[in-house]
Structures are given as structure tokens and as C-alpha cells.
Amino acid sequence: MGEKVYVRMQDSSESKVYVPEVHPGHSCWVSVWPSAAKKGEYYLSFHEKRKGNNPYYRPIPIEFYESGPGPIKYPKERKDVITEQVVMHSKDNGHTWTEVGRSFTKAINLFAFASLPNGDIIRAIDNMIECYYPEEQPEFKIQKSSDNGNTWEDYSLILKGYYSMGYRMKRLRDGTLILLSPYIEAFGPGKKMKKRAVAPRANVRIEHQNAFYISHNDGKNWSGPITVLPGIDAWEPDFVELASGDLLVVNSSIQGGPQVRQYVYRTSNRFLPGPVYNIVSGRAPETFVVTENGLLVGATRGNIYTFSSDEGENWYEVAGDRTKGYQPMITRLDDGSFLNMWHAGYDEIFGESDQYIGKHEFKLEVVDLPKKMTITINREMDKEKTQYINLYTAALKADGKPLAGKKVKFAVSERYTPANAYLDPRVGGIITELLTDENGEAKIHLANFDNQRNIHYAHRIIAYYIPGEGDEGLKPCESNIEFSYGITPVRRCANPHKVFWANGKIYIVKEAIEKYPELKTFINIFRNNDIFTDDEVIKSMAIGRPRVEEILGFLTGEFIIRKEDNNGKYIWLWGLVNPLIKMSPYVSPTQESLSESPNPMSYGPGKDRYSSRWLYHDFNKNEPICIVDLEDDFV
């Protein structure tokens, strides 16, 4: 059985838009954008190299070329080859195209164009590859053409002293221009970096960053940079404006980086970057658009078209043709169809192959849409609703409806254990699996934390779902990761815990020390004893057995010590009750408990995970006891 068809192409056709007169030709690196003045009109730009005397030729110093570095077959200039930026215009929704502009260029990264309401064209351009010598400094600027790209003039300066690559420029619904560009410090002889950051410098996590630049006056002035996709290896991300007015940035893996997405929230004229999300499943495209119904549709060079109905969280294949060309750029046309432009070939030098500009036009039919999968996790309260307890409920839904009888996994990691080095408890934590009940819920009780008296001892927990056999049409999903403390406050109770551990000390509330003043003497005498007996306490403190049993019973009830056997032997718990190896499923009568599967990185039964001194090797030598009178009164 093949993959389920959700969306398929209709009226699909491919054709050549521009073929060089002399073969082999060299036409590549397309950009397509809408007219800001007239509906149904679009512009296309690309590079063309052709034979001719290059009046701007300068030999490249070998020191600068090494700073690149680039493969030896990619010299940037030749005496007998000129590079031109070609502009074409379509007045019929991209069906036919006419060349309207041509100009000499040295820049190789011309992907960011936009039209102005008066018909002018602007582009983002940098001169980094021309800065051969120390006195030549890079500039990233906007140029404007009033004659369809035959001549260009400087319009505004965006950034100086850094290498930038304007990759996308888009006009939002309110006319705001957004420019997306990666940037790094300038490289080459006499620059901040000796070499382009293909590999980071010592102690640098990642060299390049991506940024938004914003213009509210058609490119005359720009604010920014606003960093997006921080710390992500992303050279060629793309973005769209959502119906909410927020921006969605998506990075594909086409340049080797991770598949991630990020919202940039719109607040009036300001933009606020949100967190970076992993893409859960599917192939994220390198270029994508959004429809009026919120469907994301994208293309990847030489690969399948994909779509997402959940703002990029999951991607699915569009049934139909594949992207034939290289470095594509997709556009949603005013008539509702799609136009994908590309060039034939790859990253090639002049004369290596016969390159031309092609297009793919198509419409989409939505057959069905994938179910919207969600799984949430919530910490429960006790029956009286006065205290959060260590019972968690995961709720699995598809299109908002509960999914019963599905396998849900829980992963838990503990603080002060090796697994705590990872934010995700699925790495190094303990994993168990339960079936959801008739309400689509699965509950798990972290019983080991119930008797926890180390106030800093906490855990992370996540619930997630991976479809199994027979789960056709369902997709993976995961909850937020919850971080919680085992010991929690109680509503309308200032001192619910009479004794607790923290930072090598025993904290005792005032009312407890008033009732058991002998606690100070007891702790000072036995704080260095891993194990002690009631007889030893009686002898050392010179008090009667009934009082000793009352004191030890109090500490046992507060889970500070534990009685080991019937011979009166006790041990300090030191804030740790037992290794978190057994998570107790909370099983309803209709629910099946599945086998537990500890993560291979975890400690298992029979391994000496804790000793009585695992967490703190000693009481605080100077102040082993702290008397407290808590005033918090939760409502």
C-alpha cells in the first residue's frame, strides 16, 4: 500500500523560460517576485554568463581565494567572460515572459528583489567577493532601478564591515518590506577573520547568523538586524507571512543544517523572535509559500514537493511531479496556482553544461488533510485540590478527538543524575509505555518523588506518541517538557513540611523545633553516621526510649531517616528515597499497562546508583541546621 494521498497536483506543466543564444549556455540563480503595482504581474531575475571582453576584470590574489575557500574549479572572474543580471517580466500570471532589463554585475548572491508601487525595482547586493585587499571593506546595501534593471543606483546602506547574502525580500500585506540575510564577520587579508567560516574558529559554536531587516518606507531606511534561527546552521532559510501577521521561518536540510522552524511575532511595527522548534516529520522544503487557507506548499531542488497543514510542524508529499531544476523559488500566483522557477544544472562553471531557466506551473487539489495530532501532559492535584502531586496525565488527540488504545510513551529524567545534562528526558532518562484509555488519556505516578524532602530535587517529564502498525493517517507528536519539583507547597498552609533538606542542611520549621528541641543535639551527634541505632541515640543523648522513639518516628514520618530493620537500625535518606527505576502506571480498569523500557544510558536495577552520601558528602560543617518560620500562604 502506497503513502496516503492528501494533496495532489492538477494542470501540471513544465517549460523553458529562457535559453541562452549560444550553447552551452550559463543561466542560473533565479529570483521571482510580484509586481507591487499590478495584480497578475511578476518579475524574474537570474544570472547569465557569456563570452565577451570583461572590462571590470581584476586578477584574484591567491591569498583572498584561499580565504574563501572554494573548489579550484570555481574562479569568480575571467577576462573573456562577462556576468549579467537579467530581468524578465510577465503580465499573465507567469505564463509568458519577456526580457526587459540586463546589466553587468559582479555579485553572485542576488536572490532578494522587490518591486515598489511606482514600478521601480530594488535589490539587496553585497560586494564581499570583490574585497581582495585590506583597504577594501564589504558593504551590504539596497540598489534601485527605475528602468526594469538596465541600470542601478545605490538606494540605502544596510550593513558595513560584514559579509552578507541577501536571500529573501518579501512585501507583507501592509507594505512592510522584510529582508532575510545571513551574515558573518568579514574574511580575507586584513579582515576580522582570516578565512570564511566554513569551519568555526576556536571556541566559536557557529559563525554565521541569520537576521531580518525591516523597512516601512519601501527600502529607504532599514531597522535591524533581528536575529532569527540563532545558533542554527542555516544559509538559505525561507519565510512567509501567516494570516495572524506573524512570520514563520523554516530551514531545510539542503545546506546540511537541521530542519527547524521559528515564529517571529508581529506586535504593531515591531517583530519579536520566538523559540526555535524542531520539525517533527517529513521533508522541509527550501522554498515555500502559504495559501489563503494556511496551507504551506514548498519545493526542494530535484526532489518532491511537500506541504504542511500545521504551520511547518509536519510535512507531507504532494502527489504528482517532482522539482526538476536546481535552486528553485516557488511563488503563489494571484489566480491561486503555483509557479516554481529554477535553473537546469547545478553549481557549475561557465561552459560545463548547457544551463537554462525553467518553470513548473501547477494547481493543487486537497483530497484530505492529515489529522492534527496533539499530546499534552498535565500535573495533577490531590483530591482536595490543595497540592500538586507527582501524578501526570497525558492526553492524545487527533483533530481534537481523543485517541483510545494508543501507545503513549513517558520519559523522565532526575536532577542530580547523568540524564540531567540533557534538556530532553528521552536522552538518558527512563522510558515507559502505556495504552490510552477511552478518554485518550494515560496516567503515570512518579511515586519515588512523593516522599521526597530535598526541596531542590526535581524531574523532567515528556509524553510522546509514535504511530505503530495500524495507525494509518496518524503522525508523531510530543508534549512540552515539564520541569517540576517533587516537594510542593500546599494551599492555605504555611508550613506543610516540618523538616526538609537543602544545601547540606536540615531545615526545621519553628513549631517542630519547639516540640522536639532535642533535634539540634541529635543532628550534631549523628550527622556523620551513615547508619545508627535507637540504642546509640539513647546512650548518646541520655534520654529515655519513649522520647527517642517519638523523635525518630517524627523524622521517619517526614522522610528524613528510614528504619532499615526490626533491630532499631536507621539510615539518613539525604533527600533521596530510591533510584527512579520504577515508575508506577496509574491504570484504570479499561487500561492496559505495557512493559517498561529503561533507556540504555540509564542506571538499572542492581547498579549502585546512590549511596547515603551520593548527593551531599557531608552536612554543612558550620551550619548543619537551619530553623525557619515560613510565611508563604498559598491560596
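For the stretch 1-73 and the stretch 394-449, compute the distance between their C-alpha centroids and round to whole Å.
48
Tell me, what are the semi-axes, in whole angstrom and largest first, of the equivalent ellipsoid of the chain as set by the roots of 5 times the Cα gyration tensor eigenvalues?
Three semi-axes, in Å: 64, 29, 21.
Please enumerate, by chain and number, the lysines with C-alpha under 23 Å from the C-alpha of LYS359, excluding those fewer than 8 residues away in the same chain.
Correct list for LYS359: LYS16, LYS38, LYS39, LYS49, LYS91, LYS170, LYS324.
Taking a cut-off of 12 Å between Cα atoms, list the aspartates and glutamates near LYS510, but don't count ones fewer than 8 places away on the same chain.
By straight Cα distance, LYS510 reaches ASP629, GLU631.
How much of the accessible area of the chain, probe 1.4 Å, is carbon plus sulfur, in whole percent? Could you put the intermediate results ahead of the total?
Details: 14420 of 29290 Å².
Ligands and nucleic acids excluded, carbon and sulfur give 49 percent.
Which value results when the Cα radius of gyration for the stretch 268-352 is divided by 2.2 N^0.38 Å? Intermediate values should be presented prior to the final figure.
Numbers: Rg = 15.1 Å, N = 85, 2.2 N^0.38 = 11.9 Å.
In units of the 2.2 N^0.38 Å rule of thumb, it is 1.27.
ASP174: net charge of surrounding residues, Cβ under 14 Å, Lys/Arg +1, Asp/Glu -1, itself excluded?
+2
With the Cα gyration tensor of the stretch 3-45 giving a ≥ b ≥ c as the square roots of its eigenvalues, does the rule (a/c under 1.5 for rounded; else a/b larger than b/c for prolate; else oblate) give rounded, prolate or oblate?
Working: a/c = 2.71, a/b = 1.30, b/c = 2.09.
Oblate, because a/c is 1.5 or more while a/b does not exceed b/c.
Given 37 °C and 0.692 mPa s, compute D for the stretch 268-424 with the Stokes-Einstein relation, Rh being the Kirkwood radius over Cα pairs; round to the nearest whole µm²/s.
Numbers: Rh = 19.9 Å.
Rounded to a whole number, D works out at 165 µm²/s.
How much length is gained if the chain between ARG58 and ILE543 is pulled fully straight, taking 0.36 nm per residue apart and subtracting their Cα-Cα distance, in nm to one decimal?
Numbers: separation 485, 0.36 × 485 = 174.60 nm, distance 9.74 nm.
Fully extending the segment from ARG58 to ILE543 adds 164.9 nm.
Kirkwood-based Rg over Rh for the stretch 351-469 (C-alpha set), two decimals? Walk me through the numbers before you get to the answer.
On the way: Rg = 22.0 Å, Rh = 17.6 Å.
Result: Rg/Rh = 1.25.
With every protein chain kept in the model, how would you rank VAL367, VAL204, VAL509, VAL22 by accessible area, 1.4 Å probe, largest at the top?
The ranking, largest first, comes out as VAL22, VAL367, VAL204, VAL509.
Taking 0.36 nm per residue of separation and subtracting the Cα-Cα distance, what length does fully extending VAL367 through LEU423 add?
Values: separation 56, 0.36 × 56 = 20.16 nm, distance 3.91 nm.
Value of the extension gain: 16.2 nm.
From Cα coordinates alone, what are the radius of gyration and Dmax values for the stretch 97-246 in angstrom?
Rg then Dmax for the stretch 97-246, in Å: 16.1, 51.
Can you tell me the accessible area per residue over the chain, all protein chains present, probe 1.4 angstrom, in square angstrom? Before the final figure, lay out the partial values.
Details: 29290 Å² over 635 residues.
Ligands and nucleic acids excluded, the result is 46 Å² per residue.
Run the reach check for LYS407 against lysines, Cα to Cα strictly under 25 Å, same-chain hits fewer than 8 apart removed. What comes back?
List returned: LYS4, LYS371, LYS372, LYS397, LYS443, LYS475, LYS582.
Are there any trypsin sites (Lys or Arg not before Pro) in the stretch 328-377 that are in a DSSP loop and have at most 14 other Cβ atoms within 10 Å? List them by number. Each step should come with its number before you reach the end.
Values: sites: ARG332, LYS359, LYS363, LYS371, LYS372; in loops: LYS371, LYS372.
The qualifying sites: there are none.
Between the stretch 504-565 and the stretch 234-273, what's the alpha-carbon centroid distance in Å?
So the separation of the two Cα centres works out to 59 Å.
Could you check how many percent of all C-alpha pairs in the stretch 192-245 are farther apart than 15 Å?
Working: 911 of 1431 pairs.
Tail of the P(r) past 15 Å holds 64 percent of the pairs.
Size of the stretch 158-298 along its principal axes in angstrom, Cα-based, largest extent first?
Between the extreme Cα coordinates on each principal axis of the stretch 158-298 lie 50, 40, 21 Å.
The values are calculated or read from the model by the stated rules, or taken from the named source; none is laboratory data. Predicted, not measured: the structure shown is a model, and the values here were computed from it. Every residue, glycine among them, receives a Cβ derived from its backbone with ideal geometry; neighbour counts consider all protein chains shown. SASA here: full protein model, heavy atoms, side chains in, ligands and nucleic acids out. Shrake-Rupley method; radii C 1.70, N 1.55, O 1.52, S 1.80 Å.
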